[in-house]
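As structure tokens, the structure follows; a few thoughts come after it.
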Amino acid sequence: MEKFGIAIHGGAGTILKSSMTKEKEIAYKSALEEALEAGYKCLSDGGSAVEAVKIAVMLLEDSPLFNAGKGSVYAADGSHEMDASIMEGKKREAGAVSAVIGLRNPIDAAYQVMINSEHVFLTGRGAEEFAKAQNCTFETEDYFHDQLRYEQWQAIKGSDSFQLDHSVKKDEKFGTVGAVALDKHGNIAGATSTGGMTNKKFGRVGDSPIIGSGVYANNETCAVSCTGSGEYFIRNVTAYDVSCLMEHKGLSVHDAASEVVHKRLLALNGDGGLIAIDRHGNITMPFNTEGMYRAMKKSSGENEVSIYK
Ligand code: ASP
């Protein structure tokens, strides 16, 4: 049987066991498991890595627990502007949207950009119009309302500060979501989706929709999805950097990702983590924060759902 596997994340940050209740932990783990299993089933049925990462990310976007889709944080003007991207490693086709409002699944819009447009990246109103034409689902504003996220925003509203969702208060909800996968046909793919950072200036775009920063995929090296303070990931071209270290320095996916997260990001005080998979199905999930919601499953039987270090 050909090897296959998938890894997902639900954001990295100040996630402490001491500030987590048993119920919350179960809720997070079961949301991760549901997305993981759906992506894994797609792969085991012979589906492509791109389909698998899209399915997994859509489920995470539909959960109010994560900062993407339904659970997206509030921007400074009270809106929910979302960013998403997807990339496949065979032809290095990619699609991305940024600063979109009202889309139930921004990752679906990014996917439509990849397969149905001449472009790679659409933003704002143009991305929304395109998504409408592709029959992507839209929701009204109340779908995105969440009391905890609203309070996070109220606490810093009017100030110039903007914050990582997971760093505002230790016991609140965390994260951007993402997935990477290897399918039975030997192709890899990555996807990332986010509501960005609480109280961000409207129009602010993070790393998540930027090909090479928050996502990357190349069959010759790896597929990567990132989470953390986006500004640092953009400046470090983080996802592509993992691929470059493999391609040009011959590092393993584990060593390349570790170098990027524990040395290169930290050198700029960049906090966060990433998930990566190579064409042999090796998976690595490093982070330099207290925790990262993460899960992975391989055809070899290896399986993990974790939150803390
Ligand atoms: N990277 C995302 C951004 O900066 C935030 C996150 O990963 O939580 O928009």
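The values are calculated or read from the model by the stated rules, or taken from the named source; none is laboratory data. Not measured: the values here are computed from a predicted model. With ideal geometry, Cβ positions are generated from the backbone for all residues, glycine too; neighbour counts draw on all protein chains shown.
Details
- Residue list for region 191-208, restricted to those being of a type outside the set (A, V, I, L, M) and more than 9 Å from the ligand (Cβ to nearest atom): 193, 198, 199, 201, 202, 203
- For beta carbons closer than 9 Å, sequence separation of 6+ or different chains, a first residue in region 277-290 that is closer than 19 Å to residue 15 by Cα and a second that is aliphatic (A, V, I, L, M) and in a loop (DSSP other than H, G, I, E, B), the qualifying pairs are 289/15; 290/15; 290/16.
- Any hit, region 115-136, residues being part of a loop (DSSP other than H, G, I, E, B), on the phi > 0 side of the Ramachandran plot and not aliphatic (A, V, I, L, M): yes
- Between 256, 179, the distinction of being touching a residue at least 24 places away in the same chain (Cβ under 8 Å), buried (at least 24 other Cβ atoms within 10 Å of the Cβ) and under 26 Å from residue 103 (Cα atoms) belongs to 179 only.
- Scanning region 21-57 for residues that are without any contact (Cβ under 8 Å) to a residue 24 or more places away in the chain and surrounded by 15 or more Cβ atoms within 10 Å (Cβ to Cβ), we see that the one that is farthest from residue 304 (Cα to Cα) is 51.
- Taking the criterion of being surrounded by fewer than 19 Cβ atoms within 10 Å (Cβ to Cβ), outside any helix (DSSP H, G or I) and not acidic (Asp, Glu), the only residue of region 204-236 that qualifies is 204.
- Condition check for residue 150: among the hydroxyl-bearing types (Ser, Thr, Tyr), touching a helix residue (DSSP H, G or I) at 6+ places or on another chain (Cβ under 7 Å) and modelled with pLDDT of 80 or more: no
- For region 210-239, the candidate set comprises residues that are within 21 Å of residue 290 (Cβ to Cβ) and free of Cβ contacts under 8 Å to residues at least 40 places away in the same chain; within that set, the residue that is nearest to the ligand (Cβ to nearest atom) is 230.
- Failed condition for residue 62, given (1) of a type outside the set (Val, Ile, Thr); (2) at pLDDT 95 or above; (3) touching a strand residue (DSSP E or B) at 6+ places or on another chain (Cβ under 6 Å): (3)
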